[in-house]
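**Q** Questions regarding the structure given below will be posed in turn.
The values are calculated or read from the model by the stated rules, or taken from the named source; none is laboratory data. Computed from a predicted structure; not experimentally measured. Virtual Cβ from ideal backbone geometry, glycine too; neighbours counted across all protein chains shown. Heavy atoms of the whole protein, side chains included, go into the accessibility calculation; ligands, DNA and RNA do not. Shrake-Rupley method; radii C 1.70, N 1.55, O 1.52, S 1.80 Å.
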Amino acid sequence: KSSERKPVRVWVDGCFDIMHFGHANALRQAKENGDILVVGVHNDAEIAEHKGPTVFNEEERYKMVRACKWADEVVEGAPYIAHVDTLDKYNCDFCVHGEDISVDANGRDVYEDVKKAGRYRVIQRTEGISTTELVGRMLLMTKDHHHKNKGGESPITRVNSQHLHHHSPYTAMSHFLPTTRRIVQFSEAKSPKPGDKIVYIDGGFDLYHVGHTEAIRQAKELGDYLIVGVQEDSVINQVIGHNYPIMNLHERVLGVLSNRHVDEVIIGAPFVITKEMIEQFKINVVVHGDDPAPPWSQW
């Protein structure tokens, strides 16, 4: 037993404000560097001192990170400046961070201490998405992130689902859309077992937040296998208007797939749930929030 390999514990930290699939992809990459991923989340006061005010408060951000399937442990109120002492306190072998440089209020590299100790590794930043980018879309009221073909559908809905579990690099469908390989990386590729109670919940899941994660958690508690339907950009825009959704279909799908309670996602789910759809996916329970009754609730 003494020869058994000790699990590699990886430390990653951040603000995780307006948590998007770029954050989730960073946690996924960090987890690939070891066995157990410890995620440190800075509190509001630390972020305000070194970076500026957050959109979501610390309690909301803690819950969002806990909902991510690659986070094994979450450290609340992690120090903004990373020190070797912090890694030792949580028995972490090394720290992981993206290619960008993070600085404190004095302009000093916050990872300087762990870098000098040789306990720092770099992961790739996810291109095309950032909290700044999302805030910009909201302020500028742009629609450039919506993607449609001539038929009005998002190109992601045209991807053959049989190809999604082959690990091959596909061509990116647009500047804002990652490749189908990214979906494979986020997906569990897990089918329901015989006798599983299948639950379905749908929505836009725009600017994926703690309310969404809580709804998904409650839905999963009603059964064994959870299918989440994510609706088209055009459908959401028709219902809400303006430049909604702020995040396009592919971005929203990846956010939902990062949730630890989600087993499968229907990409471009219909706004109206039909009996045929329930039969096709063998759905036992359809879940909806306590807002006004959906159009399918009358049949």
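**Q** Given a Förster radius of 35 Å and the C-beta distance between Ala189 and Asp290 as r, what FRET efficiency does 1/(1 + (r/R0)^6) yield to the nearest 0.05?
**A** Efficiency, rounded to the nearest 0.05: 0.60.
**Q** Once the Cβ-Cβ distance between Asp196 and Glu32 is put in as r, and R0 is 25 Å, what FRET efficiency do you end up with, to the nearest 0.05? Intermediate values should be presented prior to the final figure.
**A** Working: r = 29 Å, r/R0 = 1.15.
The value I calculate is 0.30.
**Q** What nm value, rounded to one decimal, do you get for the distance between Val122 and Arg260 when each label is placed 7 Å out toward the C-beta?
**A** Modelled inter-label distance: 3.1 nm.
**Q** Simple spin-label model, 7 Å along Cα-to-Cβ: Val239 to Asn91 in nm?
**A** 4.6
**Q** Quick check for you: with a 1.4 Å probe and neighbouring chains kept, what is the accessible area per residue of the stretch 1-135, in Å²?
**A** On the way: 6650 Å² over 135 residues.
Computed with neighbouring chains in place, this is 49 Å² per residue.
**Q** Cα centroid distance between the stretch 185-229 and the stretch 74-103, in Å?
**A** When both Cα centres are located, 31 Å separates them.
**Q** A follow-up question, please. Calculated FRET efficiency, Val84 and Glu214, Cβ-Cβ r, R0 41 Å, to nearest 0.05? Write down the numbers at each step before the final one.
**A** Details: r = 36 Å, r/R0 = 0.88.
Taking R0 as 41 Å, the efficiency between Val84 and Glu214 is 0.70.
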